[in-house]
Amino acid sequence: MHVADLPLAPEYVDHFEGAGIEELYPPQVAAVEAGVCDGDNVVAAVPTASGKTFVAELALLTAGGPGLYVCPLRALAREKYEEFDALPGVDAGISTGDYDSAASDLAENDVIVATSEKVDSAIRNGAEWVDDLACVVVDEVHLLGSPGRGPTLEVTLATLRRRTPDVQVVALSATIDNPEDIAAWLDAELVESTWRPVDLRTGVCADGEVRFDDGTDLSVPVDAGDPATDADTEATVDLVRGAIEDGGQALAFVSSRREAEALADRLTEERLAAVAAGRDRGGDGDPDAPVADPERAAAEVAEELRGAGTTGTGERLAESAAWGVAFHHAGLSSDHRALVERAFRERRLAVICATPTLAAGVNVPARRVVVRDQRRYTGEGTEWLPVLEVHQMCGRAGRPHLDPYGEAVLVADDADGREELWNRYVTADPERVESKLRDPAALRTHTLALVATGLAGSQVAVLDALSGTFYASRTANPDLGGAVGDAIASLIDDGMLAAAEAAEAGSGTAKGSAGGDGGTGDAGSGIEATDLGAQVSRQYLTPETGVRIVEGLEAVAGMTDEDVTELTAFEIVCDTPDMVDTYLGNAERAEIYQFARDRSAELTTGMAEATDFEAWLESVKTARILTEWVDGASVEELVEAYRIGPGDLESRIERAEWLLGAADALADVVGVNMPAFASARAKL
DNA sequence: CGAAGTCAAATATAGACAGCATGTC
DNA sequence: CTATATTTGACTTCG
């Protein structure tokens, strides 16, 4: 099937042909046959890089009305937005937490790109553009199974479909075990394929030999190596070097930030930029290679990195980049991360040593992917990485048009390990995707949102609104009644909801309304959001966060004015579940404890009353970092003193900004004067 | 006596979405 | 419930 055969206006055909898209890939043909261009619902479970974006574009361009593209990451949203905006005659808009087109424009855009949380938030805040959509494309729909974010996605989609029953839904998923369940939920035709534009072979390396799933072998020259590093690392180094000598690039995945940096250090000794340079000078280089002199390119990347930050992390990154090696994890500043990704795409870096971040992020393909670590630490010891995640790492192997093939290698300890990895990851299917909506915390949040937006005014109505979710479609007898009843009762206890009549009068105070007799008794009785609940929902706060802020404000009301400082404001917002917690090392505990004692007058929680003292101490650490930040401390100083990465500092500042704004709004509702929220926020 | 070496115990561990109202070249 | 690399510290040995 050719682009010209599609029901597309000529300018689009020209555009796609100009971009090198002429003959459709098999999964794209299947999607067309399933009706993406005819307004039909389609679920496409296909590998990354098999042309999903084009399928999305087909749906959006042929829908005959405004379209919405939902994806999980802000960086991906940016990427897609730029892509859509480049389409002839298409006016694209973007709406994410950190980057927004003007609200007035959004309603007029042909296509809006947004994260799922932003769509949820837009619905809660009554944005105009969520109505009248002709088409919704959901990327990475398998995130439905993610405990934190899946429920948001399914409730949001259910709400959109309820408001606009005729909307076309196109969902794009990684290869999973049960895409038919998602298709059944969405009344969609399922397109399943494992086709890729570049061949991929996956193998396991053990005892110096890689065995691939296509029957081929590869022996890894077992270098005696540096005795300071282990066999896994040496095998990884050899595999990476092999890919570079062969004219490609490599990605190496390890389990922790420290490991990523240590591996980068080790690879630096291999002089990879020089290897790549020697290969090119040897004359058998790829004529398409845009990099004539890898050594010089690497040196330039190092300079760019130095220009983007002067922290210890940045300097280490620049030092390794000078050798064509980079590391990549969430501790990097966002500038550094973006620079590394771009430099690698431009082939100015030979290898990236990464934590699993890179598996799901923006497109960074490489000739060879080496997965050295397949386990990850959790609170309960180390766990195997999900099959889906490892497959996504492996799927990064092979650049269309640039690599003749892609190779993914899992590194095992020994023959037993080879067997284990082979069965677990090479031949095994990915996990099933199951709804996580039953989680009480998720139900609380979404029940509040449904009531606050006026979509439901009773327990029965909430259940009805939830009947369009993935969860409900998967369960013959959803039995959410009890769980939703519990959610409503707890929200009434927290002062977020109240019986319909009482809501008007008893709004505002946290513990004021309705005792415990509403909600559970009569499932049909009317409920409304209190002013507090409405504000919590609009500010996109978890109800628990709302409760904590109100408690903080109550404590503040009893404090003397001069004791209410920016530290007070930070302590309140840092002690909520919506703030990321900061690791508190044993070495620092005593010092933070001392700090908390010295400044206890400014804190809303007494040392003795904290229900979870450890967690509270962690939030005091975060609050202290932010306090020093607004007092003028530099990134370098904070990173050094508190053993966090520049990226960690960035994310905490960003979140504090949001939470302080929200807390300020809640202070108004509760009627407590707390200027410290706004003043602290202004200094971030 | 002090420096250097040894071994066991302690330490630390991935990631990332969200508000809102203006102002600006 | 599961692991592991690195750092720290107590202790020993060597010069």
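Points worth noting:
- In terms of accessible area, using a 1.4 Å probe and ignoring ligands and nucleic acids, A:Y69, A:Y377 rank largest first as A:Y377, A:Y69.
- The slack in the chain from A:D207 to A:D187, taken as 0.36 nm per residue of separation less the alpha-carbon distance, amounts to 2.3 nm.
- Ordered from largest to smallest accessible area (heavy atoms of protein chains, 1.4 Å probe), the residues A:K436, A:K52 come out as A:K436, A:K52.
- Calculated mean residue ellipticity at 222 nm for chain A: -14000 deg cm²/dmol, from DSSP H runs with n ≥ 4 weighted as -39500 (n - 2.57), summed, divided by the residue count and rounded to 500.
- In range of the label at A:D98: residues from the stretch A:110-126 whose backbone nitrogen is under 20 Å from the point 7 Å along Cα→Cβ: A:113-122
- Length gained when the stretch A:A262-A:E640 is fully extended (0.36 nm per residue, less Cα-Cα span): 134.2 nm
- Peptides A:39-50, A:398-409 ranked from most to least packed, by the mean per-residue count of other Cβ atoms within 10 Å: A:39-50, A:398-409.
- Residue-wise HN-Hα coupling along the stretch A:603-609, computed from phi with Karplus coefficients 6.51, -1.76, 1.60 (Hz; x: Gly, Pro): 9, 8, 10, x, 4, 7, 8
- Taking only alpha carbon atoms, the stretch A:545-683 gives an Rg to Rh ratio of 0.93, where Rh is the Kirkwood radius.
- Straight Cα distances below 29 angstrom link A:K436 to the lysines A:K52, A:K80, A:K118, with same-chain residues fewer than 8 positions distant left out.
- Our analysis of chain A gives Rg over Rh at 0.98, with the two radii drawn from alpha carbon positions and Rh computed by the Kirkwood formula.
- Contact order normalised by residue count of chain A, Cα under 8 Å, 6+ apart, percent: 11 percent
- Ranking A:T445, A:P386, A:V550 by Cα position along the charge dipole of chain A, where only Lys, Arg, Asp and Glu carry charges on their C-beta atoms, puts A:V550 farthest toward the positive end.
- Residues whose placed amide H lies under 5 Å from that of A:I112, excluding near-sequence neighbours: A:G67, A:L68, A:Y69, A:G93
- Residue-wise HN-Hα coupling along the stretch A:553-562, computed from phi with Karplus coefficients 6.51, -1.76, 1.60 (Hz; x: Gly, Pro): 5, 5, 5, 4, 4, x, 9, 7, 3, 6
- The stretch A:545-683: relative contact order as a whole-number percent, Cα under 8 Å and 6+ apart: 35 percent
- Accessible surface of A:T236 - all protein chains present, 1.4 Å probe, nearest 10 Å²: 0 Å²
- The stretch A:552-583 and the stretch A:72-131 have Cα centres lying 34 Å from one another.
- Pairs of Cα atoms nearer than 8 Å and 6+ residues apart set the relative contact order; for the stretch A:337-481 it is 17 percent.
- Relative compactness, the stretch A:550-603, computed as alpha-carbon Rg over 2.2 N^0.38 Å: 1.23
- Ranked by solvent-accessible area (1.4 Å probe, protein heavy atoms only, all chains present), the residues A:E637, A:E180 order from largest to smallest as A:E637, A:E180.
- Highest mean first, the peptides A:468-478, A:110-120, A:535-545, A:3-13 sorted by other C-beta atoms within 10 Å per residue fall in the order A:110-120, A:535-545, A:468-478, A:3-13.
- Computed from the alpha carbon atoms alone, the convex hull of the stretch A:200-426 holds 121 Å³ per residue.
- Dipole axis of chain A (+1 Lys, Arg; -1 Asp, Glu on Cβ), positive-most option in A:W422, A:V137, A:Y81: A:W422
The values are calculated or read from the model by the stated rules, or taken from the named source; none is laboratory data. Given the structure is predicted, the values throughout are model-derived calculations rather than measurements. As a convention, Cβ positions derive from the backbone with ideal geometry for all residues, glycine included, and neighbour counts pool all protein chains shown. Side chains included, ligands, DNA and RNA excluded: accessible areas come from the protein's heavy atoms. Shrake-Rupley method; radii C 1.70, N 1.55, O 1.52, S 1.80 Å.
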